[in-house]
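Since every read-out is calculated from the coordinates, none of them should be taken as a lab result. Since we're looking at a predicted model, the values are computed, not measured. Glycine also receives a Cβ, built like all others from the backbone with ideal geometry; neighbour counts cover every protein chain displayed.
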Amino acid sequence: MYAPLLANRYLTSRIIPFIAVAAVALCVALVIIVVSVMTGFLDMVRNSGRTLIGDVVVNYPISGIPYYEELIADIEALPEAAAASPIVETLGLLRMPYGTIERTGAGAAQSGGQEVVRGRIEFVEVWGIDPASLDRVAGYYERLYWTTPSPEAAAKMAEDDPRLDPFYHRDEEGRALRSRRGADGIVLGIEVSEFNHRTKDGSYRTAGRRIDRQDREYFMGNRSLTLTLLPISSSAKLGEEQAREFDVVNEFQSGVYQIDSQRILAPISAVQDILQLGEAELSDPRQRDEFGRPKVIGTYPARATTIVVRAADGVSADRLRDAVELAYQRFAARVAADPTRTLIPPDTASVETWEGRLRNLIGPVEKERELMRTLFSIVYLVCAALVLAIFWAIVQEKTRDIGILRAVGASRTGVLWIFLRYGVLIGVVGSALGVLLAWGVVARINDIHDFLGTPATPAVQAIAWVATAAAAALSIRGMLRNSALHTVFWLFAAIGLGVLATLLLFHKGIVVWDPSIYYFTRIPSEVDRFTALTTALGGVVFSVIGAAIPAARAADTDPVQSLRYE
Amino acid sequence: MTSDALQHPPTHAEILRAEGVRKTYRLGRVEVPVLRGATVSVREGEWLAIVGSSGSGKSTLLHLLGGLDKADADSGPILFAGEDLRRFGAARENRYRNRDVGFVFQFYHLLPELTVLENAMLPSLVGLSRLAWLSGSRGELRDRAAELLATCGLGHRLKHRPAELSGGERQRVAIARALINRPRVLLADEPTGNLDARTGHGILDLLAERHAAGLTLVMVTHDASVAARAQREVRITDGQVGA
């Protein structure tokens, strides 16, 4: 019954166990913080690619899939699928409201000549969408940028955030893809327009090149733009280009720069119309109706190039893909067998999961994750070695005590038990503190980052200089009293504080995570639970191993040899 | 004086015997024979002094008698009350160190984190089962240790740490620790070797008291005046014991 007494005394009567607890806590916290933030970052990159495409994508480009409403109904009837939505994908040219300015009239501007903007042409990916079903599949409404913020969101916004002004609220227009005057609307990726400027907090201001302040004039929601599309026939012939004017009704933010800078959304019916993929009457020129026009002999069905599908709860993307693939084959066979159909869908269409579709984006992220895991295995091992070394030193110092205990009749297991308790207690307390510290840092990482991004106030700078002076004074006092320890300790403290105070003097705010560069507005702030658990367990295990091995070695030695240990 | 030391009334029978004991130390590749067939016999109730010059092997002999070190494979036996120490298993060996003999070292070897009282209690705590601990034996042990320390002149120092004590006081704590489990033999290795003459005499007086109460004492010393306090003296020279 001496083991608990001694383990407790070893823990409480000296400073070294506290250093060991601090070392374990810092090692555990280091690993958890960095892995959590890095994993969170990679998850954000990976999942942002998923935006607006659901879990599984059925694709047949250019000529599209006819009778797609039937296919959607078939897919939605699958127990694996929750919702499906049609899309018509194509490429187009968008004339922007800025670009080269042409001056007309004699003597140009001086003599009152006119300035005409020759709008810049942007090459864009056009998605014709059905907003309501796309919202069910991929949360379209949430991606709209110019919407009325909730009171909580509004409270967090910067004072000059235009979204606080009801003028910019275009909720209904964005959801319906129709402008206030009842015309077809388009929704641009937020980075398509030059007028949108991303700020340090990740929000946007609308401002022109000539002015750098927020201005309503540059809000894209006020504009009508010309979209030019090129119909391509199923026989790969280019039709005549079709230009149509659309009102910009909102802008969307997916979280992926490539998408936000290139994609625009328009009503599916309008895009089908321009591309000649809409429903049309099929007539026979050889037969005439009562008015002498070619006789209508049927209907040519509308087509969609893409169907995006969301999985039911708990269904994996792979399982859904297999189910959708079968559903497509059944659908194609059924339509082909029906003699009344005027257009037969292709036998096979590409059915991919979102990961498959975005493999070019996700591949490098996954490689990065592997690299990070490898690097952090090394960091983990370094931390483990540190904990082992600290315990080894502590127990080695106790070799003589082990000799004494063995000399008064303590068993090997009894001696071992003391140090196992010691290691377990330090490991558990250190790991628990490490997890708490990591949780505190990760949960508040954005506040810490904001704090670092703010220049130090004069009060903070003054405190730093006063602390430096105090440490220097204490060092001189130590010198006068002939205390080497006090002199050296306070000298190093004074140097450290002096460096800190000087840095604060020049510190104008560090922004490591600049949302205007990184595209994510917030640093990931979720603790990776698996990492936290394994790291905490590792902290305990390595503490115990570090304590147990030298203790076992000392317990195995004859007491006399342990007693001679200096 | 308490009745502690009268636990084993002396029968004057042989209690401890080393017969042709050999011990060789290895210093790198060099073998250094320390004991070359040493023989010594201790009778119950006797105070024996083993004397010899530095490096003669007297401390090594004492360590072997106390089961703190192992003799060479070709060594003769060490017998405690007729039992051969070489045949002891781990549990019996622990019990031998814990209950049958008590050991006092030249350098006290107290645990710095424990108080005087806890240091003195240590061997009894080592030998105490969890059941006995829970049934309240701890209080009884504490009382016994306090009483023993009081007889060693340390009644006022129970809560102190070893670092707060003088050399003589530390050695008294070490003696109390060696006696707490009422051993049959007390083995003392230069118990006054680290103390001034006056303090050393105080320690010897304390040992003499315990001996008078019936305790068997084996003491190693290089100091003739210290050895003179014993009843019998054997000299060890070149690893062998003479008369």
- Message: Quick check for you: which residues of the stretch A:535-560 have the amide N under 18 Å from the point 7 Å beyond the Cα of A:Ala443 toward its beta carbon?
- Response: A:536
- Query: What's the extension gain from A:Ser13 to A:Asp338 if we count 0.36 nm per residue and subtract their Cα-Cα distance?
  - Reply: 108.1 nm
- Sorted by packing (mean other beta-carbon atoms within 10 Å per residue), highest first, where do B:113-124, B:19-30, A:197-208, A:82-93 land? B:113-124, A:82-93, A:197-208, B:19-30
- Sorted from largest down, what three extents in whole angstroms do the Cα atoms of the stretch B:149-243 have along their principal axes? 45, 27, 20
- Task: Order by neighbour count: A:Leu533, B:Leu158, fewest other Cβ atoms within 10 Å first, most last.
- Result: A:Leu533, B:Leu158
- Message: If I model a spin label as a point 7 Å beyond the Cα along the Cα-Cβ vector, how far apart are those points for A:Asp43 and A:Arg412 in nm?
- Response: 4.7
- Task: Hey, can you grab everything whose amide H is under 5 Å from the amide H of A:Ser63? Only 5+ residues off in sequence or another chain; H modelled, so Pro and N-termini drop out.
- Result: none
- Cα long-axis angle, helix B:197-212 against chain B (0 to 90 degrees, to the nearest 10): 90
- Sequence-distant residues sharing a close amide H with B:Thr237 (under 5 Å, placed H): B:Gly242
- Message: Can you divide the C-alpha Rg of the stretch A:455-508 by 2.2 N^0.38 Å and report the result to two decimal places?
- Response: 1.24
- Antiparallel DSSP bridges in the stretch B:4-242: what percent, to the nearest 5? 50
- Note on the structure: Going through B:Lys23/B:Lys70; A:Lys237/A:Lys295; A:Lys398/B:Lys70 one by one, the pairs whose alpha carbons sit over 18 Å apart turn out to be A:Lys237/A:Lys295; A:Lys398/B:Lys70
- When all alpha-carbon pairs of the stretch A:61-217 are counted, what percent fall beyond 28 Å? 41
- Note on the structure: Around A:Leu227 (Cβ within 13 Å, Cβ-to-Cβ, excluding A:Leu227; K/R +1, D/E -1) the net charge comes to -3
- Average beta carbon contacts from partner chains per residue of B:111-120, 10 Å cutoff: 4
- Message: Tell me whether the stretch B:37-184 comes out rounded, prolate or oblate; compute the Cα gyration tensor, take square roots of the eigenvalues as a ≥ b ≥ c, and use a/c under 1.5 as the rounded threshold.
- Response: oblate
- Task: Return the lysines within reach of A:Lys156: Cα separation strictly under 19 angstrom, same-chain partners fewer than 8 residues apart disregarded; answer none if there are no such residues.
- Result: A:Lys200
- Enter the mean number of other protein chain beta carbons within 10 Å of the beta carbon of each residue in A:4-14, as an integer. 3
- Note on the structure: With a ≥ b ≥ c from the Cα gyration tensor eigenvalues, square-rooted, and the rule rounded for a/c under 1.5, otherwise prolate when a/b > b/c and oblate otherwise, the stretch A:50-357 is oblate
- Take every DSSP beta bridge with both residues inside the protein assembly as shown and express the antiparallel ones as a percent of the total, to the nearest 5. 75
- Message: Restricting to DSSP H runs of at least four residues, report the calculated mean residue ellipticity at 222 nm for the protein assembly as shown, -39500 (n - 2.57) per run over all residues, nearest 500 deg cm²/dmol.
- Response: -14000 deg cm²/dmol
- Modelled FRET efficiency - R0 22 Å, A:Arg223 with A:Asn360, Cβ distances, 0.05 increments: 0.10
- Query: Which net charge results for the neighbourhood of A:Asp401, defined as the other residues with beta-carbon distances under 11 angstrom from its beta-carbon, given Lys and Arg at +1 and Asp and Glu at -1?
  - Reply: +2
- Task: State, to one decimal in nm, how far the label point of A:Ser233 lies from the label point of A:Val296, with both points 7 Å from Cα in the Cβ direction.
- Result: 2.3
- Query: When you look at the Cβ of every residue in B:173-180, what mean number of other chain Cβ atoms sits within 10 Å?
  - Reply: 1
- Message: Charges at C-beta only: +1 for Lys and Arg, -1 for Asp and Glu. How large is the resulting dipole of the protein assembly as shown about its Cα centre, in Debye rounded to 20?
- Response: 3440
- Where Rh is the Kirkwood radius over Cα pairs, Rg/Rh for the protein assembly as shown: 1.26
